[in-house]
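**Q** Sharing a structure, written as structure tokens. Questions coming.
Quick note: the coordinates plus some simple rules give every number you see, no bench work behind them. A quick note: this is a predicted structure, and the numbers were derived from the prediction, not measured. Positions of Cβ are generated from backbone atoms using ideal geometry, with glycine treated the same way; all protein chains shown enter the neighbour counts.
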Amino acid sequence: MLITAIRTLILYFFVITALRLMGKREIGQLQPFELVVILMISDLAAIPSEDVGIPLISGIIPMIVLVLMSISLSYLELKSEKARDILNGTPSILIERGRIVEHELVRNRLPLTDLVEELRMRSIPNITDVEFAILETNGQISVLPKSSKRPVTPEDLQLKTSYEGLPIVFIMDGILQEKAFAMSGKDRAWLDKQIKRHKLKGIEEVLFACLDSADNLYLQGKERYTKKR
């Protein structure tokens, strides 16, 4: 039993390492060959973890080969447009200037109901409001509304806007993120003062805290501490 648990842990950490080497992507953003590699790695990891009679190396070596192949194919994608088209396919235009491109739906075996549902999820009830809808190589649908149906932006109204950078998150779940806090330019005395202003006793009672580019602080305490006071 102990041997099985140890083998499983070893394979688990190896699979995590392999997936990290392949790059950071969500499941919905994976290309077909990447999804195949992940499924094969999962199967290869399951076999030696279930059967102690199979050497660990028998599962690890094929996984290493798959990871190296995936990295090589990803590199090839970056260097060759033809290779990228062969491995991933090309995007398909499903709607063009408010008209459904029926033969592309048939070629991609995409039901019309799925396309209409995708438009509804993007708050576009009418197909005539769509300039282009494109089925991307990862299976997601990009929708570009007609210019007359897009939300108004400050640029459309010729309004000037101030710069808005990324907020600096320096406390998460009661833990101070030292590097992020150093980037904020604040000191611990300032932080302690802000925590007291929110009627909290210390960093460990803070759920989340961040500072935006305009130096505005957002700080929220954990429920078990804020409800008591």
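**Q** Taking the mean number of other Cβ atoms within 10 Å as a proxy for protection, how do you rank 129-135, 56-62 from highest to lowest?
**A** Details: 129-135: 19.4, 56-62: 15.1.
Descending packing order for the listed peptides: 129-135, 56-62.
**Q** Let me ask something additional. With the crude spin-label approximation of a point 7 Å out along Cα→Cβ, what separation in nm comes out for L39 versus K179?
**A** Inter-label distance under the simple model: 3.6 nm.
**Q** How far apart, in nanometres, would the label points at L78 and M1 be if each is projected 7 angstrom from Cα along the Cα-to-Cβ direction?
**A** Each label point lies 7 Å from its Cα, and together they span 4.8 nm.
**Q** Okay, next question. Hey, what did the chain get for relative contact order, percent, Cα under 8 Å, at least 6 apart?
**A** Numbers: 256 pairs, mean separation 29.4, N = 229.
Relative contact order here is 13 percent.
**Q** Once you sort the root eigenvalues of the Cα gyration tensor of the range 126-191 as a ≥ b ≥ c, which label holds: rounded (a/c under 1.5), prolate (a/b larger than b/c) or oblate (the other case)?
**A** Details: a/c = 4.72, a/b = 2.02, b/c = 2.34.
Oblate, since a/c reaches 1.5 and b/c is not below a/b.
**Q** At R0 = 22 Å, how high is the FRET efficiency between W190 and T161 if r is their beta carbon distance? Nearest 0.05 is fine. Numbers along the way, then the final one.
**A** Working: r = 28 Å, r/R0 = 1.28.
With R0 = 22 Å, the Cβ-Cβ based efficiency is 0.20.
**Q** What spacing in nm lies between the two simple spin-label points modelled at L68 and K222, each 7 Å away from Cα in the Cβ direction?
**A** For L68 paired with K222, the spin-label model returns 4.7 nm.
**Q** If you don't mind, another one. Calculate, in whole percent, how much of the Cα-Cα pair population of the range 92-149 lies beyond 15 Å. Write out the running numbers ahead of the final one.
**A** Working: 651 of 1653 pairs.
Every Cα pair in the range 92-149 considered, those over 15 Å come to 39 percent.
**Q** Something else about it: Taking the Cα centre of the chain as origin, work out the dipole magnitude from +1 charges on Lys and Arg Cβ and -1 charges on Asp and Glu Cβ, in debye rounded to 20. Could the numbers behind the result be given before it?
**A** Numbers: 30 positive and 29 negative charges, 221 e Å.
My answer is approximately 1060 debye.
**Q** Considering Cα pairs under 8 angstrom that are at least six residues apart, work out the relative contact order of the range 68-179 and quote it in whole percent.
**A** Working: 99 pairs, mean separation 22.6, N = 112.
In percent, rounded to a whole number, it is 20.
**Q** Which ³J(HN,Hα) values, rounded to whole Hz and listed in residue order, are derived for the range 72-88 from phi using the Karplus coefficients 6.51, -1.76 and 1.60 in 6.51 cos²θ - 1.76 cosθ + 1.60 with θ = phi - 60°, glycine and proline given as x?
**A** Going residue by residue, I get 5, 5, 5, 5, 5, 4, 5, 9, 10, 5, 5, 5, 5, 5, 5, 6, 10 Hz, with x marking Gly and Pro.
**Q** Another question, then. Which one, F170, P151, S49, is farthest towards the positive end of the dipole of the chain when Lys and Arg carry +1 and Asp and Glu -1 on their Cβ?
**A** F170
**Q** While we're looking at this one, here's another question. Looking at the P(r) of the range 93-229, how many percent of alpha-carbon pairs lie beyond 17 Å?
**A** On the way: 6520 of 9316 pairs.
Pairs farther apart than 17 Å: 70 percent.
**Q** According to the square roots a ≥ b ≥ c of the eigenvalues of the Cα gyration tensor, what is the shape class of the chain, taking rounded for a/c under 1.5, prolate for a/b larger than b/c otherwise, and oblate for the remainder?
**A** oblate
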